[in-house]
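A short write-up of the structure that comes next.
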Amino acid sequence: METSSREARARAGRREEEPFRRQQEDRPTEQQERQEQERLAALHRYDVLAGAPPEECFDRLTRLAAHLTGAPGAQIRFVGAGRQWAASTYGGDCEDAEGARAKSWCARVIETPGVEVVEDARQDERCAGGGPAAESPSVRFCAAAPLQTPSGARIGALCVFGPEPRSLSEDRQQALRDLAATVVDQLERERALVRAREAEAAQRASEEKYARLFETANDAILIFEPENEIVLKANAKAAEMYGLERSELVGRSLRAFTEDVERGEQVLDRALQAGSFQDLETRHRRSDGTLIDVLINATVISFEGREAFLSIHRDVTERKRAQERTQELKSFYENILDEVPVEIAVLDPEGRYRYMNRAAMPDPEMRRWIIGKTDMDYARRRGRDDREQYRERREWLLEVVEQKETDRRLEKMPASDGGTEYLMRYLVPVTGADGAVEYVIGHTVDLTERKRNENALREAKERAEEAAQVKDAILNNISHEVRTPLASMMGFADVLAEDLEDKYEESAEFARIIRTSGERLQETLESVLLLARLEADRLDLESSFVDVRAQARRAAERYRSQAREKELALHAPGAPADALRARTDATALDRVLGSLLANAVKFTDEGSITVEAGRLPPGASPPGRKMAGSGEAETAHVFVSVRDTGPGISGDFLPRLFEDFEQESSGLGRQYQGAGLGLSITRRLVERMDGAVYVDSCQGGGTTVTVCLPPAGA
């Protein structure tokens, strides 16, 4: 029982494995798949379509096959990838429609090279599960010869069939093979005919295309014979180029137009051996005598059964002129750049030099050599040990190319005198229409001299600051050491003058002179100290809103007694209801007004002194010459002026009026006392207050000094 059970399970297992095994056996190999693809490609080349109407030649062959074999019917069938179909059917009772390839009789026939004969389909084992009887039940006899192409691909079969069992002799089998070969021959002839028609159509299309290109080309095209260069054919552009009708150009020799005939003959001789020549630049003469530059490319062809040249002539006259103009312009700019005392170079994005001016490379031979080279090449040629610096420079250039932004760097180089050169190098990327960097302009500014000057200036500044500190110390010491005894001296002079006034008038006068001299000395000392503080920028001003008119009136009142002593009329501003405010420092303005009034009283012997204050119209300026002030003062429109009827100022001295220790009369013949510091201090104070000073004066015509100040709303 156990044995029979095991056998039953084994049989069941074999039954389950049988379909899989058959499936594995039926699966085609790679070689079979490749052969099937080649067979289908051959079938496709013959363009035999399923469902196409039968061709007369195929019908004749099926009739002939039936007659030669004595069979009632015949058929030509083709086998595709999954279907089979009849291209022609004669007689008999056989299905001629399209059918499935699987298990079809023709599918089996194309697997063998010889004739397959089935004498009785019902008795033949090959027809089990398929075959002619399965495809058409009335068919008992069938014979088929494969349709084999010259490449060995079997694409279908020529079949004969009948309803009665029978045999087929060797002679009739051979006849069937011959007729099958005739079917393939017919397919080959039709294919060759189709290819010939296609080739003919392609030839016509090519000729038409060539003719269109020949006639519509933008360049002159000529065909000429080599020996005498006689033009055999020319397009319209060629006739236009040479200024002739086409009929006039054909038949003439190109030598009639060639400027250098001998050179042209040499080129043609070489071209006959080589088969062509390219980019020959020469000069031709038009029919009107005009010379043109021509670029010629030619090749040897066969034309109307003889050897000839097909040449393309391009008029490059304008291009040559443009190149010449470009070269002239290039030379012009290079000559300019060579005179520029700045190192200039042009590099490609890889760091190779395309241009370098004389300042960058004085040696002309080296300047020619470096074109196309890099900084590293230059370092190797010179045997320099600073290649690392050149490597860093190249990395910098690549960074500029990537970022597409101008950059600069300061380089320190050893100088020939043992010092250091300071070079500011700039790289400017230049991009093309596509946005890519085409080249980089590099230029170098030698900052060595400037650096030296800066160092010298810094040292001088340090020395000046030290000197200023010394001067401040001296002035402070003088201020302390002089003011104390001076105050005592002036006090004792006042006491002596009072005690001696009734008894000794002359001695009392001497005491008063001592007092006056002390006051002058004290005033000079204060002016010197103030000037020093202004020069050292150590005078702090407090900007506030000041009533200029009121302050001018108060200053005038302080000098009224001095004016009265000289019998001078002093006119001061009145007291209007509204204030005239300016943004300034009240103490500094008072000092300025005092200096101007003191000068007016001092230098005016008769007449009057007038003090005015007011507003200027927008954009207006006071009369006279601007002597001091910043650009901001141009917009100031609050002013105060002091006008006198004194001797005036000469035009020669006027530019020096506000300089330190300057007076128009000097030396032993000096008419007026003073240190010449009042107006110098005035100028500095006005500039510190963002104001301006104007002077209107001429010799013998009095003087007007106007101070402009920023208004309160500025």
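For region 334-343, which residues satisfy the criterion of being within 23 Å of the chain's Cα centre (by Cα) and either surrounded by fewer than 12 Cβ atoms within 10 Å (Cβ to Cβ) or at pLDDT 85 or above (or both)? Write out each step before concluding.
Step one: list which residues in region 334-343 are within 23 Å of the chain's Cα centre (by Cα), which gives 334, 337, 343.
Residue satisfying the conditions is E343 alone.
So, in region 690-701, of the ones that are at pLDDT below 90 and either part of a loop (DSSP other than H, G, I, E, B) or charged (D, E, K, R) (or both), which residue ends up farthest from P623 (Cα to Cα)?
Within region 690-701, the match that is farthest from P623 (Cα to Cα) is D690.
If K209 satisfies all but one of (1) in a helix (DSSP H, G or I); (2) crowded, with 22+ Cβ neighbours inside 10 Å, what's the number of the condition it fails?
(2)
So which residues in region 270-291 are assigned to a helix (DSSP H, G or I) and either touching a residue at least 24 places away in the same chain (Cβ under 8 Å) or outside the structural domain of S311 (by TED's automatic domain parsing) (or both)?
If the condition is that a residue be assigned to a helix (DSSP H, G or I) and either touching a residue at least 24 places away in the same chain (Cβ under 8 Å) or outside the structural domain of S311 (by TED's automatic domain parsing) (or both), then A271, L272 are the ones that fit.
For region 151-171, name all the residues that are farther than 14 Å from P113 by Cβ and out of contact with any strand residue (DSSP E or B) (no Cβ under 8 Å at 6 or more places or on another chain).
S169, E170, D171
Just to check your reading of the model, which residue among Y353, Y422, Y390 is surrounded by 15 or more Cβ atoms within 10 Å (Cβ to Cβ), within 18 Å of E449 (Cβ to Cβ) and without any contact (Cβ under 8 Å) to a residue 40 or more places away in the chain? Please lay out each step first, then the result.
Values: Y353 fails: within 18 Å of E449 (Cβ to Cβ); Y390 fails: within 18 Å of E449 (Cβ to Cβ).
None of the others qualify; the one that does is Y422.
Which of the residues belonging to region 254-269 are farther than 11 Å from A298 by Cβ, assigned to a helix (DSSP H, G or I) and of a type outside the set (G, A, S)?
R255, V261, E262, R263, E265, Q266, D269
Given the conditions (1) among the small types (G, A, S); (2) under 25 Å from R246 (Cα atoms); (3) out of contact with any Lys or Arg (no Cβ under 8 Å at 6 or more places or on another chain), and given that A271 satisfies all but one, which numbered condition is not satisfied?
Single failed check for A271: (2).
Within region 107-134, take every residue that is under 30 Å from S151 (Cβ atoms), among the hydrophobic types (A, V, I, L, M, F, W, C) and part of a loop (DSSP other than H, G, I, E, B) and give me the one that is modelled with the lowest pLDDT.
First, pick out the residues of region 107-134 that are under 30 Å from S151 (Cβ atoms): 107-118, 126, 130-132.
Those still in the list that are among the hydrophobic types (A, V, I, L, M, F, W, C) too: 107, 109-110, 115, 117-118.
Right, trim to part of a loop (DSSP other than H, G, I, E, B) and you get 110, 115.
Values: I110: 82, V115: 91.
Restricting to residues being under 30 Å from S151 (Cβ atoms), among the hydrophobic types (A, V, I, L, M, F, W, C) and part of a loop (DSSP other than H, G, I, E, B), the top hit is I110.
Can you tell me which of (1) on the phi > 0 side of the Ramachandran plot; (2) in a strand (DSSP E or B) is the one G251 doesn't meet?
(2)
Is there any pair linking a residue in region 177-196 that is in contact (Cβ under 8 Å) with a residue 40 or more places away in the chain to one that is of a type in the set (G, A, S) and part of a helix (DSSP H, G or I), with Cβ under 8 Å and at least six apart or on different chains, and which?
These pairs meet every condition: L179/A65.
Please pick out the residue among M356, M366 that is touching a strand residue (DSSP E or B) at 6+ places or on another chain (Cβ under 7 Å) and over 27 Å from L280 (Cβ atoms).
M356
Is it the case, given these coordinates, that D293 is modelled with pLDDT of 90 or more, over 13 Å from L222 (Cα atoms) and more than 45 Å from the chain's Cα centre (by Cα)?
no
If you check A636 against the conditions, is it closer than 17 Å to A712 by Cα, of a type in the set (A, V, I, L, M, F, W, C) and modelled with pLDDT under 85?
Considered against the rule, which asks whether it is closer than 17 Å to A712 by Cα, of a type in the set (A, V, I, L, M, F, W, C) and modelled with pLDDT under 85, A636 comes out as yes.
Could you list all residues from region 218-239 that are exposed (fewer than 15 other Cβ atoms within 10 Å of the Cβ) and under 42 Å from the mean Cα position of the chain (by Cα)?
N218
For G305, only one of the following conditions fails: (1) touching a helix residue (DSSP H, G or I) at 6+ places or on another chain (Cβ under 9 Å); (2) at positive phi. What is its number?
G305 satisfies every listed condition except (1).
Among (1) touching a helix residue (DSSP H, G or I) at 6+ places or on another chain (Cβ under 8 Å); (2) at pLDDT below 85; (3) in a loop (DSSP other than H, G, I, E, B), there is one condition P137 misses while meeting the rest; what is its number?
Condition (1) is where P137 drops out.
The values are calculated or read from the model by the stated rules, or taken from the named source; none is laboratory data. All values reported here derive from a predicted model rather than from experimental measurement. Glycine also receives a Cβ, built like all others from the backbone with ideal geometry; neighbour counts cover every protein chain displayed.
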